[in-house]
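A.B. asks: Questions regarding the structure given below will be posed in turn.
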Amino acid sequence: MGRLCQTDGLTEDQTEILKAVRQFVDEKILPVATELEHKDEYPTEIVEGLKELGIFGLMIPEEYDGLGESLLTYALCVEEIARGWMSVSGVINTHFIVAYMLMQHGTEEQKKKYLPRMATGEVRGSFSMSEPGLGSDVAAIKTKAVKDGDDYVINGQKMWLTNGGSSTLIAVLVKTDEGSDSVYKNMTTFLVEKEPGFGETAPGLTIPGKIDKMGYKGVDTTEAVFENHQISAEQILGGEPGKGFYQMMDGVEVGRVNVAARACGIANRAFELGVAYSQQRETFGKPISEHQAILFRLAEMATKVETAHTMMVRAARTKDKGERNDVEAGMAKMLASEYCNEVVEASFRIHGGYGYSKEYEIERLYREAAFMLIGEGTSDIQKMIIGRSVLKDYKLKA
């Protein structure tokens, strides 16, 4: 294990958890990741192993049968998992966001109903904001829930659900239009139960099938089509309509820490591959690592990996202190995703022509890194969040 991506001040429990996850990645994920990714095959055995490690319940409180760990512990575990195969960390991420939203905003009945089974992985979560006609413009959602007696009826189409097929519980954001002048107070999060799989997975809910993607393979990314799906008002997250947008944004903040951690994991692995290959490949009678151009490239890669890791850790620790971390999470996500792509490309260049071959792991990382630029909000969205906050903090006094 190298000197990069080390974290000061960890407890003995955190250290042991990370050691176990790192060993699992080295022994169970890295040897099969590229083969499964090329087949676009769901990593069933890996997911079962993560269940046994307790990763699905890592942040769920002990009173609901979880491990009760911090966001930092979770993020560091995600970093390790993404170092092995980013898609596996995606399986965990959306599940975690739904569990987090339940922990922070759910009624006590909802927590007791779902969290213990989410901790074991029996209930698997996915969350849904995006739609075919929108991405970052959440206020423009069209999927709507209309009150029908004590129930609601949902109609609309949602897009980009990670775990859309394998999940059994979707946290879905819809319009409810129950009288507020603010569009943001006319949105509600529903907890939609479904069967795993594709086709009609619940009455009035269809998961059409997997979306074919450039990278991020193995994990099932889907649409969700609601056609007169009837759901009880008891399935409103927190029991009160009109709070969905704020609940989702809270979930997205921790999701951005997750994406930053994923980007750090990919970048760290790309560095490991690049520095190893540079010592094995020889040109002009010596390893290419001894050529100044490659040496400089390795130095820049290492610095970017370390900087991104530090920013990610800061964002996680800010949230763990109970403070809002929208700026810290935005900075970490933007920097880590951009640096991830730069480090992967540098490693790709070090590999030369072999980097273009599917026999080499860097080819997979090259495709996976691109997703980090758009997952949980593009870099431009992060810049808007950061810029507005900076202007507010540094506003000139009249």
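The values are calculated or read from the model by the stated rules, or taken from the named source; none is laboratory data. These figures come from a predicted structure and were not determined experimentally. Ideal geometry is used to build each Cβ from the backbone, glycine not excepted, and the neighbour counts take in all protein chains shown. Surface accessibility is based on the protein's heavy atoms, side chains included, excluding ligands, DNA and RNA. Shrake-Rupley method; radii C 1.70, N 1.55, O 1.52, S 1.80 Å.
A.B. asks: If only one of 381, 362, 350, 386 is in a helix (DSSP H, G or I) and in contact with a His (Cβ under 6 Å, 6 or more places away or on another chain), which one is it? Please lay out each step first, then the result.
C.D. replies: On the way: 381 fails: in contact with a His (Cβ under 6 Å, 6 or more places away or on another chain); 350 fails: in contact with a His (Cβ under 6 Å, 6 or more places away or on another chain); 386 fails: in contact with a His (Cβ under 6 Å, 6 or more places away or on another chain).
That would be 362, the only listed residue that is in a helix (DSSP H, G or I) and in contact with a His (Cβ under 6 Å, 6 or more places away or on another chain).
A.B. asks: Residue by residue through segment 112-149, note down the ones that are touching a helix residue (DSSP H, G or I) at 6+ places or on another chain (Cβ under 6 Å) and modelled with pLDDT under 90.
C.D. replies: Scanning segment 112-149 gives 134, 136, 139.
A.B. asks: How about segment 131-168: which of its residues are buried (at least 18 other Cβ atoms within 10 Å of the Cβ), touching a strand residue (DSSP E or B) at 6+ places or on another chain (Cβ under 7 Å) and either assigned to a loop (DSSP other than H, G, I, E, B) or free of Cβ contacts under 8 Å to residues at least 24 places away in the same chain (or both)?
C.D. replies: 141, 143, 163, 164, 165, 167, 168, listed by residue number.
A.B. asks: Restricting attention to segment 174-192, does a residue exist that is in a helix (DSSP H, G or I), aromatic (Phe, Trp, Tyr) and in contact with a strand residue (DSSP E or B) (Cβ under 7 Å, 6 or more places away or on another chain)?
C.D. replies: Checked against the condition, which is being in a helix (DSSP H, G or I), aromatic (Phe, Trp, Tyr) and in contact with a strand residue (DSSP E or B) (Cβ under 7 Å, 6 or more places away or on another chain), segment 174-192 yields no hits at all.
A.B. asks: Out of segment 203-217, which residues are in contact with a helix residue (DSSP H, G or I) (Cβ under 9 Å, 6 or more places away or on another chain) and open to solvent by 90 Å² or more (accessible area, probe 1.4 Å)?
C.D. replies: Residue satisfying the conditions is 214 alone.
A.B. asks: Quick one: in segment 118-130, which of the residues that are touching a Ser or Thr at 6+ places or on another chain (Cβ under 9 Å) and not in a loop (DSSP other than H, G, I, E, B) is farthest from residue 175 (Cα to Cα)?
C.D. replies: 125
A.B. asks: Something else about it: Name every residue in segment 320-329 that is open to solvent by 50 Å² or more (accessible area, probe 1.4 Å) and assigned to a helix (DSSP H, G or I), in order of residue number.
C.D. replies: 320
A.B. asks: Same structure, new question: Filter segment 224-253 for residues that are among the hydrophobic types (A, V, I, L, M, F, W, C) and either in contact with a Leu (Cβ under 6 Å, 6 or more places away or on another chain) or crowded, with 17+ Cβ neighbours inside 10 Å (or both) and give the result.
C.D. replies: 224, 225, 226, 231, 233, 236, 237, 245, 248, 252
A.B. asks: Confirm whether residue 373 is free of Cβ contacts under 8 Å to residues at least 40 places away in the same chain and under 30 Å from residue 8 (Cβ atoms).
C.D. replies: Yes: the conditions hold for residue 373.
A.B. asks: Checking the condition over 20 Å from residue 266 (Cα atoms) and buried (at least 21 other Cβ atoms within 10 Å of the Cβ), which residue from 86, 103, 118 passes?
C.D. replies: Values: 86 fails: over 20 Å from residue 266 (Cα atoms); 103 fails: buried (at least 21 other Cβ atoms within 10 Å of the Cβ).
Every option except 118 fails the conditions.
A.B. asks: State all residues of segment 276-310 that are in contact with a helix residue (DSSP H, G or I) (Cβ under 8 Å, 6 or more places away or on another chain) and open to solvent by 40 Å² or more (accessible area, probe 1.4 Å); if no residue qualifies, say none.
C.D. replies: Within segment 276-310, 279, 281, 282, 295, 297, 300, 304, 307 qualify.
A.B. asks: Next up: When only residues in segment 49-83 that are free of Cβ contacts under 8 Å to residues at least 60 places away in the same chain and among the acidic types (Asp, Glu) count, which is surrounded by the most Cβ atoms within 10 Å (Cβ to Cβ)?
C.D. replies: 69
A.B. asks: Residue by residue through segment 361-398, note down the ones that are hydroxyl-bearing (Ser, Thr, Tyr) and either more than 21 Å from the chain's Cα centre (by Cα) or open to solvent by 60 Å² or more (accessible area, probe 1.4 Å) (or both). Walk me through how you get there before you give the answer.
C.D. replies: Pass one, segment 361-398, residues hydroxyl-bearing (Ser, Thr, Tyr): 366, 378-379, 389, 394.
Result: 366, 389, 394.
A.B. asks: Can you name the condition, by its number, that residue 30 falls short on among (1) surrounded by fewer than 17 Cβ atoms within 10 Å (Cβ to Cβ); (2) modelled with pLDDT of 95 or more; (3) more than 20 Å from the chain's Cα centre (by Cα)?
C.D. replies: (3)
A.B. asks: I'm checking my understanding of the structure. Among residues of segment 169-191 that are open to solvent by 30 Å² or more (accessible area, probe 1.4 Å) and in contact with a Ser or Thr (Cβ under 9 Å, 6 or more places away or on another chain), which one is nearest to residue 202 (Cα to Cα)?
C.D. replies: Restricting attention to segment 169-191, the residues satisfying the condition of being open to solvent by 30 Å² or more (accessible area, probe 1.4 Å) are 175, 177-185.
Within this subset, residues satisfying the condition of being in contact with a Ser or Thr (Cβ under 9 Å, 6 or more places away or on another chain) are 175, 178.
Values: 175: 20, 178: 26 Å.
The qualifying residue nearest to residue 202 (Cα to Cα) is 175.
Matching residues to (1) in a helix (DSSP H, G or I); (2) in contact (Cβ under 8 Å) with a residue 24 or more places away in the chain; (3) within 17 Å of residue 7 (Cβ to Cβ):
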position: 260; (1), (2), (3): yes, yes, yes
position: 273; (1), (2), (3): yes, yes, no
position: 297; (1), (2), (3): yes, yes, no
position: 318; (1), (2), (3): yes, no, yes
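A.B. asks: Among the residues of segment 330-360, which ones are open to solvent by 30 Å² or more (accessible area, probe 1.4 Å) and over 17 Å from residue 264 (Cβ atoms)?
C.D. replies: 348, 349, 352, 353, 354, 356, 357, 358, 359, 360
A.B. asks: Can I ask one more? If I go through segment 65-83 residue by residue, how many of them are in a helix (DSSP H, G or I) and touching a Gly at 6+ places or on another chain (Cβ under 8 Å)? First the steps, then the outcome.
C.D. replies: Taking segment 65-83 as the starting set, the residues that turn out to be in a helix (DSSP H, G or I) are 71-83.
Right, trim to touching a Gly at 6+ places or on another chain (Cβ under 8 Å) and you get 78-83.
Residues that pass the stated criteria total 6.
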